[in-house]
Amino acid sequence: MSLKIGFFTKASGRADTAVAFVWTGGKLGPAAEKLDRQCGGLISFHLKNQDKFTGKKGQTLVLAASPKMPWLRIVLAGLGEADKLDALGCETSGGKLYAALAGAGAEKSIFFAEDGKTKGGVDAATGAAHIALGAKLRSYRFDKYKSKNKKGDDKNGGLASIAIQMPAADRAAKVYKKLDAVAQGVFFARDLANEPPNVLYPESYARIIKKELAPLGVKVDIIDVKQLTKLGSNAHLMVGQGSARPPCTVVMRWNGGKKGGKGPLAFVGKGVTFDTGGISIKPSAGMEDMKFDMCGSAAVVGLMKTLALRKAKVNVVGIVGLAENMPGGHAARPSDIVRTLSGQYVENLNTDAEGRLVLCDTLTYVQREYNPRLIVDLATLTGAIVVALGAEYAGAFVNDDRLWDNLQKASKATGEKLWRMPLDEAYRKAMDSAVADIRNTSTTGRDAGSCTAAGFLERFIDDNRPWAHLDIAGVAWTKADKPTSPKPAPGYGVQLLDRLVADHYE
Ligand code: BES
Ligand code: MN
Ligand code: ZN
């Protein structure tokens, strides 16, 4: 059951729960005041006689209604200080509000809002639309393998609808329509991340992508083993050679922009559908999390869905390198040497450093084939980035200040945090092999493991090509719910990249 969201100027349908927005200091706007009067002063009574809920951003308070009121409960939602509220703050509040409503057992809710503009920059319509987006994003559930939930007997699964009643309903609905495209892309990315690896493996993944995106107008091409072999994408092939599930590459093109002119924007994703480590096998504790080793690719695929749904006026190529990293009789051995698509030879010293092997050929391919004006790759590439930045920030390695500037702005606007990390000649050199051109692990061991991984990738990027490598290993899945994403997989990157495209390249 997916959460229904609607905007209305007049009362429409029944609700069991009414929501009033409250500003810091317990201040009520006209819509909340009206609700307060309808409830015989219930809201102001509580604001006056308790001091826990003060209207701070993200706070909520559930009140039980009394027999004469048309609702079962009234929920107060804090929005903080009016002149500090921005779109992202609205999303966070909307997400927390969803959690409070679902937790209280609400099934149908109605939000009352008014017109006006805060000094922080959001007008009421935009604010309401972003609150709705926050709620929608938080409402995501992955329950297709829970046979019981189909009957709707999950306690937290009952919130079916949010009706937002406000004078500017039409404008809010228009803003929300674009935002819903973002939510759909994020949900797709989350669905892909959550699928178990016996269901989602390179071939099935490619099929799912095509089935979902082709009807939306995205051109989807699957490059299979035969074609990868002919091309010479041997590093990518090497990662998949220990698995019974053959690797492949999926190219997705969205051409909503002008013909000619600069090349497309390219987004590249690591799609290792399961990473056992290969012959350099990982310890079994926690290995199950390696089903998320395709989250970079999921972000790219989700982005393509969003761009198509909102008919973005831009030319984009999304490309994901898919493989399953398994040990086995055909698997690569530590010390194997492979000729990459670029012509450079790589010594595979640790088969668990497989992401870079998939990415190097995918990066070479996209540059040769599409001459993109910039590249952003996303990958759950190193455990070292988790050590450095934890679950808070993704690491961003960027060879172009302008691209970094744009990424940073998109990051601030969406709350998908990025921390810039260094690219350096020394890190590239650390990947010099004694017997081949490049090795896939650093001569400096584990030191600066994320930086040397980026140094490896940089050796496959053309001179003067703006490029950003986002190491998302720490943020691709979380142990706890976040305001706008239930655990585990937030679909990190879809919102960030969509914003990057919308604000700087459309
Ligand atoms: N997929 C892992 C990185 C990873 C680790 C992501 C933990 C999320 C959480 C990657 O393929 C990997 O195994 N990297 C190795 C590289 C090393 C062998 C040079 C790592 O980080 O240990
Ligand atoms: Mn690995
Ligand atoms: Zn991996």
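The values are calculated or read from the model by the stated rules, or taken from the named source; none is laboratory data. Note that the coordinates shown come from a computational prediction; the quantities given were computed from them, not determined experimentally. In this analysis, Cβ positions are derived from the backbone assuming ideal geometry, glycine residues included, and neighbour counts consider all displayed protein chains.
For this structure, a couple of remarks:
- The listed residue being away from ligand 3 (no atom under 16 Å from the Cβ), at pLDDT 95 or above, among the polar types (S, T, N, Q) and crowded, with 17+ Cβ neighbours inside 10 Å, out of N464, N399, N440: N399
- Region 405-423 residues that are over 11 Å from L470 (Cβ atoms), paired with ones that are charged (D, E, K, R) and part of a strand (DSSP E or B) (beta carbon under 8 Å, 6 or more apart): Q408/R420
- Residue in region 74-82 that is surrounded by fewer than 16 Cβ atoms within 10 Å (Cβ to Cβ), touching a residue at least 24 places away in the same chain (Cβ under 8 Å) and farther than 19 Å from I5 by Cβ present: no
- All positions within region 443-461 that are in contact with a Ser or Thr (Cβ under 6 Å, 6 or more places away or on another chain) and within 16 Å of ligand 3 (Cβ to nearest atom): G449, S450, T452, A453
- Condition check for K311: in a loop (DSSP other than H, G, I, E, B) and either in contact with a His (Cβ under 9 Å, 6 or more places away or on another chain) or more than 13 Å from ligand 1 (Cβ to nearest atom) (or both): yes
- Checking each residue in region 120-142 for being modelled with pLDDT under 95 and part of a loop (DSSP other than H, G, I, E, B) picks out G120, G121, V122.
- Only residues that are among the small types (G, A, S) and either over 22 Å from T362 (Cβ atoms) or touching a Cys at 6+ places or on another chain (Cβ under 7 Å) (or both) were counted in region 281-314, giving 4.
- Which numbered condition A285 fails, given (1) farther than 30 Å from N406 by Cβ; (2) not in a loop (DSSP other than H, G, I, E, B): (2)
- When R356, R368, R373, R339 are checked against the criterion of being away from ligand 2 (no atom under 16 Å from the Cβ) and in contact with a Phe, Trp or Tyr (Cβ under 6 Å, 6 or more places away or on another chain), a single residue qualifies: R339.
- Residue within region 320-333 that is touching a strand residue (DSSP E or B) at 6+ places or on another chain (Cβ under 7 Å) and surrounded by fewer than 22 Cβ atoms within 10 Å (Cβ to Cβ) present: no
- In the set (1) free of Cβ contacts under 8 Å to residues at least 40 places away in the same chain; (2) in a loop (DSSP other than H, G, I, E, B); (3) not hydrophobic (A, V, I, L, M, F, W, C), R333 fails one condition alone, (1).
- Region 33-60 residues that are over 18 Å from L72 (Cβ atoms), paired with ones that are assigned to a helix (DSSP H, G or I) and β-branched (V, I, T) (beta carbon under 7 Å, 6 or more apart): T54/T24; G55/T24; K56/T24; G58/T92
- Residue in region 342-358 that is under 15 Å from S442 (Cα atoms) and without any contact (Cβ under 8 Å) to a residue 40 or more places away in the chain present: no
- Filter result (more than 26 Å from the chain's Cα centre (by Cα) and away from ligand 2 (no atom under 16 Å from the Cβ)) within region 446-459: D447, R459
Let's see how each residue does on (1) more than 30 Å from G242 (Cβ to Cβ); (2) away from ligand 1 (no atom under 16 Å from the Cβ):
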residue: N350; (1), (2): no, no
residue: R356; (1), (2): no, no
residue: D361; (1), (2): no, no
residue: T380; (1), (2): no, no
residue: A384; (1), (2): no, no
residue: E392; (1), (2): yes, no
residue: G395; (1), (2): no, no
residue: N399; (1), (2): yes, yes
residue: D405; (1), (2): yes, yes
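- Among (1) small (G, A, S); (2) within 16 Å of ligand 2 (Cβ to nearest atom); (3) surrounded by 24 or more Cβ atoms within 10 Å (Cβ to Cβ), the one test that G286 misses: (3)
- Count of region 289-311 residues which are aliphatic (A, V, I, L, M), away from ligand 2 (no atom under 11 Å from the Cβ) and surrounded by fewer than 23 Cβ atoms within 10 Å (Cβ to Cβ): 1
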